Every structure is written in C-alpha cells, then in structure tokens.
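Read through the structure below, which is laid out as structure tokens, and then see the notes.
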Amino acid sequence: MKREQEIADAFRVDEAVEAIKARDCTTAKEILQDVAAGAPMQYENMIEVEGAIFIKCWDLDAFLHYLNYQAEHGDPSLDIHWSPGAYPRAYYYLGYLAVQDSDFDSAIEYLNKGLLLEPEHPKLRLEKAQALIGKHEFQAALATLLPITSTTSLVTEADLAAVLRCRAFILIEMGDLNTARGLLHASLRLAPDNDMARDELAYIDNQEKV
C-alpha cells in the first residue's frame, strides 16, 4: 500500500509543478505541503518487489541515466523499473518556492528535510546552495555541494555541470577567480553549449583586466 500511496502522491507533485508553471504558487504550495506531510520518517529510493527492482527517479531522463549507468557499472541483468517518487521532490519544490520568495530560512528547512530522505540527490543540494547564497553564507553553500564530485547512478553529467557552475559562481563572489575559471571550463566539458558558463568566464576575463 505504501508504494501505491507514493505513486498517487507523485502525481500530485506533478500537479503542483504544473501550478508553478502557471504561476499559481499558492495552489502549488498547498499541494506540496499536503504531500510532504505524508512523508515517512525512513525512506528508500529503491525497493524490490518479487525479484524486480523499482527505482524512484524524479523523471524519465533520470531513470534512463540510471539504466545506462547500471549497464556500464553495475549488473545489467537486473530487472529495473521506474517508480515515481514523491516526497523528496515535494520538499525540493517547497524549497524552490521559498527561494523564489527570498524566504531562505524556510527553504533550507524544507531542503534539509528532503536531504534526510535522499542525501545524495544533486537537485536538493543545488537548491539548498541557492538558499545559502541568498543568505551570503558562501562557505556553507560550497560545503553543501562538495560531496558531488562525479557522475553516479543518481548524478547525471548535466547535474554535475550545474554543480560545477554553482561552485564557480560562489567562488567568484568570494574573489577566487582562478579556481572559478577552472570549474567553469570543467563544466563546459560536460555541457559545452551552456551560455551561463561562458558568460561567467567572460565576466572573469573582464574583472582581471580592471
């Protein structure tokens, strides 16, 4: 019954995301808070049912990445299926909405609850870093991102590139332009068409000319 309930709650999170896209943040927050209220104290993002493994990826791209990663680094014979996850994602979007409202303390509280459920999820860590940046707690923001150093079954190349860009932005704010440049170049090797990274590199070049 627990799995069926989470699948139903995952669809409600999808409804909240659509409400966010429609700029109906009040409705989105109400849905997300209701879903989050049902989050379990202990959470597993992978369950086994009659020999089949169900992985609670946030979206199809994440699930396909998980399959490819397992094929290369794990056991390709496993019978793996996608099971929609709800509760960490609900906390993520609650944190996101709080960041948009500049309510950084509430955002951190929501995102910490999400990280208790999925400690390694890059999107939760990235959004928490954004909240900490909003509070100008740059060292804490860096510390939040430091555990993500490579691709894993849960971390895509796009996720890792986003982490590298965020770390670079923080270091620019802290005045460490040289290290930031290296991180931005590393991010471009993963996401070569990213304009944000190129803009930040141009900013560093201009700063060094001053």
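Place a point 7 Å from the Cα of residue 135 along the Cα-to-Cβ direction; which residues of the stretch 15-37 have their backbone N under 20 Å from it?
From the stretch 15-37, the list is empty.
Remind me, relative contact order of the stretch 89-210 in percent, using alpha carbon pairs under 8 angstrom and six or more residues apart?
Values: 142 pairs, mean separation 20.7, N = 122.
The normalised contact order for the stretch 89-210 reaches 17 percent.
Select one label from [x] 62, 33, 26; [y] 60, 38, 30; [z] 63, 43, 29: the one whose number is Cα extents along the principal axes in Å as derived from the coordinates shown.
The listed entry that was calculated here is [z].
Considering the chain as a Gaussian network with a 10 Å cut-off on Cα pairs, which listed residue, 89, 167, 23, attains the greatest mean-square fluctuation?
Between 89, 167, 23, it is 23 that shows the largest mean-square fluctuation.
Can you work out the FRET efficiency for the pair residue 78 and residue 14, with r the C-beta to C-beta distance and R0 = 35 Å, to the nearest 0.05? Don't jump to the answer; show the numbers that get you there.
Numbers: r = 27 Å, r/R0 = 0.77.
Efficiency for this residue pair is about 0.85.
Starting from the Cα-Cα distance between residue 105 and residue 49, subtract it from 0.36 nm times their residue separation and give me the gain in nm to one decimal. Please list the in-between numbers first.
On the way: separation 56, 0.36 × 56 = 20.16 nm, distance 3.88 nm.
16.3 nm is the gain from fully extending residue 105 to residue 49.
Counting alpha carbon pairs within less than 8 Å and at least 6 residues apart, what relative contact order, in whole percent, applies to the stretch 1-147? Write down the numbers at each step before the final one.
Values: 185 pairs, mean separation 30.4, N = 147.
Relative contact order for the stretch 1-147 comes out at 21 percent.
Using 0.36 nm times the number of residues separating residue 186 and residue 7, minus their current alpha carbon distance, what extension gain do you get?
So the chain would gain 60.7 nm between residue 186 and residue 7.
With a point put 7 Å past each Cα toward its Cβ, work out how far residue 176 is from residue 199 in nm, to one decimal.
Result: 2.4 nm between the two label points.
Cross-link partners among lysines for residue 113, C-alpha distance below 27 Å, same-chain residues fewer than 8 apart left out?
By straight Cα distance, residue 113 reaches 2, 21, 29, 56, 123, 128, 135.
List the equivalent ellipsoid semi-axes of the stretch 89-150 in whole Å, largest first, each obtained as the square root of 5λ for an eigenvalue λ of the Cα gyration tensor.
Numbers: eigenvalues 53, 42, 12 Å².
Value: 16, 15, 8 Å, ordered largest first.
So, with a 1.4 angstrom probe, what is the percent of accessible area on the chain that is carbon and sulfur?
On the way: 5760 of 11560 Å².
In the chain, the share of accessible area belonging to carbon and sulfur is 50 percent.
With every protein chain present, what is the per residue accessible area of the chain (1.4 Å probe, Å²)? Display every interim value, and only then the final one.
Numbers: 11560 Å² over 210 residues.
For the chain, the solvent-accessible area averages 55 Å² per residue.
The values are calculated or read from the model by the stated rules, or taken from the named source; none is laboratory data. For clarity, every value in this text was computed on a predicted model and none was experimentally measured. Counting neighbours? That spans all protein chains shown, and the Cβs are built from the backbone with ideal geometry, glycine included. Keep in mind that these areas ignore ligands, DNA and RNA; they rest on the heavy atoms of the full protein, side chains included. Shrake-Rupley method; radii C 1.70, N 1.55, O 1.52, S 1.80 Å.
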